[in-house]
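So the structure is just underneath, and the comments pick up after that.
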Amino acid sequence: MGLTKRPMEKDDGNAFLVGLTTSGHIEDRRALGVLRHVIDRGIESRSVKQIWVWNQFVQPLLNRVATCEGGCGAISVHEKLNAPDNGGFCAYCEHKMDKDD
Ligand SMILES: [Zn+2]
(Lines give C-alpha, C1' and ligand atoms only; values in the text may rest on other atoms or scores of the structure.)
Protein backbone atom coordinates (compact mmCIF):
# COMPACT_ATOMS: atom_id res chain seq x y z
CA MET A 1 0.00 0.00 0.00
CA GLY A 2 1.57 3.23 -1.10
CA LEU A 3 1.01 6.32 0.94
CA THR A 4 1.40 8.67 -1.97
CA LYS A 5 -0.94 11.59 -1.61
CA ARG A 6 -3.23 11.96 -4.55
CA PRO A 7 -6.03 14.37 -5.22
CA MET A 8 -9.41 12.81 -4.48
CA GLU A 9 -10.48 13.37 -8.07
CA LYS A 10 -7.98 10.86 -9.34
CA ASP A 11 -9.98 7.79 -8.39
CA ASP A 12 -13.73 7.63 -7.86
CA GLY A 13 -14.06 11.32 -8.40
CA ASN A 14 -12.58 11.09 -11.85
CA ALA A 15 -15.22 8.63 -13.01
CA PHE A 16 -17.80 11.04 -11.71
CA LEU A 17 -16.21 13.94 -13.57
CA VAL A 18 -16.12 11.92 -16.77
CA GLY A 19 -19.81 11.19 -16.27
CA LEU A 20 -20.49 14.88 -15.78
CA THR A 21 -19.11 15.71 -19.22
CA THR A 22 -21.90 13.70 -20.84
CA SER A 23 -24.72 13.88 -18.29
CA GLY A 24 -26.00 17.21 -19.57
CA HIS A 25 -25.77 18.85 -16.16
CA ILE A 26 -23.05 21.13 -17.42
CA GLU A 27 -23.88 22.99 -20.60
CA ASP A 28 -21.39 25.82 -20.40
CA ARG A 29 -18.64 25.19 -22.96
CA ARG A 30 -15.95 26.76 -20.79
CA ALA A 31 -16.99 24.62 -17.86
CA LEU A 32 -16.86 21.48 -20.00
CA GLY A 33 -13.39 22.51 -21.15
CA VAL A 34 -12.16 22.93 -17.59
CA LEU A 35 -13.75 19.63 -16.64
CA ARG A 36 -11.86 17.83 -19.41
CA HIS A 37 -8.67 19.61 -18.42
CA VAL A 38 -9.02 18.40 -14.84
CA ILE A 39 -9.79 14.86 -16.00
CA ASP A 40 -6.65 14.87 -18.15
CA ARG A 41 -4.21 16.74 -15.97
CA GLY A 42 -5.61 16.82 -12.47
CA ILE A 43 -7.29 19.48 -10.41
CA GLU A 44 -3.99 20.99 -9.32
CA SER A 45 -3.19 22.14 -12.83
CA ARG A 46 -6.08 24.58 -13.16
CA SER A 47 -5.28 28.18 -13.94
CA VAL A 48 -6.82 31.00 -11.95
CA LYS A 49 -9.37 31.51 -14.70
CA GLN A 50 -10.18 27.81 -14.77
CA ILE A 51 -10.66 27.79 -11.02
CA TRP A 52 -13.16 30.62 -11.41
CA VAL A 53 -15.10 28.72 -14.05
CA TRP A 54 -14.91 25.56 -11.95
CA ASN A 55 -16.27 27.34 -8.91
CA GLN A 56 -19.13 28.81 -10.93
CA PHE A 57 -20.28 25.71 -12.78
CA VAL A 58 -18.71 22.52 -11.47
CA GLN A 59 -18.30 22.94 -7.73
CA PRO A 60 -22.02 23.56 -7.07
CA LEU A 61 -22.74 20.19 -8.69
CA LEU A 62 -20.01 18.46 -6.70
CA ASN A 63 -21.53 19.94 -3.55
CA ARG A 64 -24.85 18.34 -4.45
CA VAL A 65 -23.47 14.87 -4.92
CA ALA A 66 -25.12 12.42 -2.59
CA THR A 67 -25.35 8.70 -2.20
CA CYS A 68 -28.85 7.31 -2.12
CA GLU A 69 -30.54 7.18 1.28
CA GLY A 70 -32.13 3.93 0.20
CA GLY A 71 -28.76 2.23 0.54
CA CYS A 72 -28.82 0.84 -2.99
CA GLY A 73 -25.12 1.54 -3.34
CA ALA A 74 -23.78 2.77 -6.63
CA ILE A 75 -26.03 5.20 -8.35
CA SER A 76 -25.31 6.98 -11.61
CA VAL A 77 -24.02 10.50 -12.02
CA HIS A 78 -27.48 11.51 -13.07
CA GLU A 79 -29.08 9.99 -9.98
CA LYS A 80 -26.40 11.34 -7.70
CA LEU A 81 -27.25 14.82 -8.85
CA ASN A 82 -31.00 14.31 -8.73
CA ALA A 83 -31.22 12.46 -5.43
CA PRO A 84 -31.07 15.66 -3.36
CA ASP A 85 -34.27 16.79 -5.10
CA ASN A 86 -35.89 13.44 -4.40
CA GLY A 87 -35.46 13.64 -0.64
CA GLY A 88 -32.10 11.92 -0.94
CA PHE A 89 -33.35 8.89 -2.83
CA CYS A 90 -32.46 7.75 -6.31
CA ALA A 91 -35.30 7.26 -8.77
CA TYR A 92 -35.13 3.49 -8.31
CA CYS A 93 -35.57 3.58 -4.52
CA GLU A 94 -38.14 6.32 -4.73
CA HIS A 95 -40.11 4.17 -7.14
CA LYS A 96 -39.81 1.19 -4.81
CA MET A 97 -41.14 3.25 -1.91
CA ASP A 98 -44.07 4.48 -3.94
CA LYS A 99 -45.03 0.89 -4.62
CA ASP A 100 -44.92 0.01 -0.93
CA ASP A 101 -47.52 2.61 -0.06
ZN1 LIG B 1 -31.34 4.16 -4.38
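The values are calculated or read from the model by the stated rules, or taken from the named source; none is laboratory data. The structure presented is a predicted model; accordingly, all values stated were derived computationally and were not measured. Here the Cβ positions follow ideal geometry from the backbone for every residue, glycine too, while neighbour counts run over all protein chains shown.
As an exercise: evaluate Ala83 against (1) within 11 Å of the ligand (Cβ to nearest atom); (2) under 15 Å from the mean Cα position of the chain (by Cα); (3) without any contact (Cβ under 8 Å) to a residue 12 or more places away in the chain and give the number of the one condition it does not meet.
Ala83 satisfies all of (1) within 11 Å of the ligand (Cβ to nearest atom); (2) under 15 Å from the mean Cα position of the chain (by Cα); (3) without any contact (Cβ under 8 Å) to a residue 12 or more places away in the chain except (3).
Please work out if Asn82 is assigned to a helix (DSSP H, G or I) and at pLDDT below 80.
Against the criterion (assigned to a helix (DSSP H, G or I) and at pLDDT below 80), Asn82 qualifies.
Out of everything in the range 5-32 that is modelled with pLDDT under 85 and assigned to a loop (DSSP other than H, G, I, E, B), what residue ends up being surrounded by the most Cβ atoms within 10 Å (Cβ to Cβ)?
This residue is Pro7.
Within the range 33-61, track down each residue that is part of a helix (DSSP H, G or I) and touching a residue at least 24 places away in the same chain (Cβ under 8 Å).
Listed by number, the residues that qualify are Val34, Val38, Ile39, Ile43, Glu44, Val53, Gln56, Phe57, Val58, Leu61.
A quick yes/no check of all residues on (1) away from the ligand (no atom under 16 Å from the Cβ); (2) surrounded by fewer than 18 Cβ atoms within 10 Å (Cβ to Cβ); (3) within 17 Å of Asn14 (Cβ to Cβ):
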| position | (1), (2), (3) |
| --- | --- |
| Arg36 | yes, yes, yes |
| Ser45 | yes, yes, yes |
| Val48 | yes, yes, no |
| Ile51 | yes, yes, no |
| Ser76 | no, yes, yes |
| Gly87 | no, yes, no |
| Tyr92 | no, yes, no |
| His95 | no, yes, no |
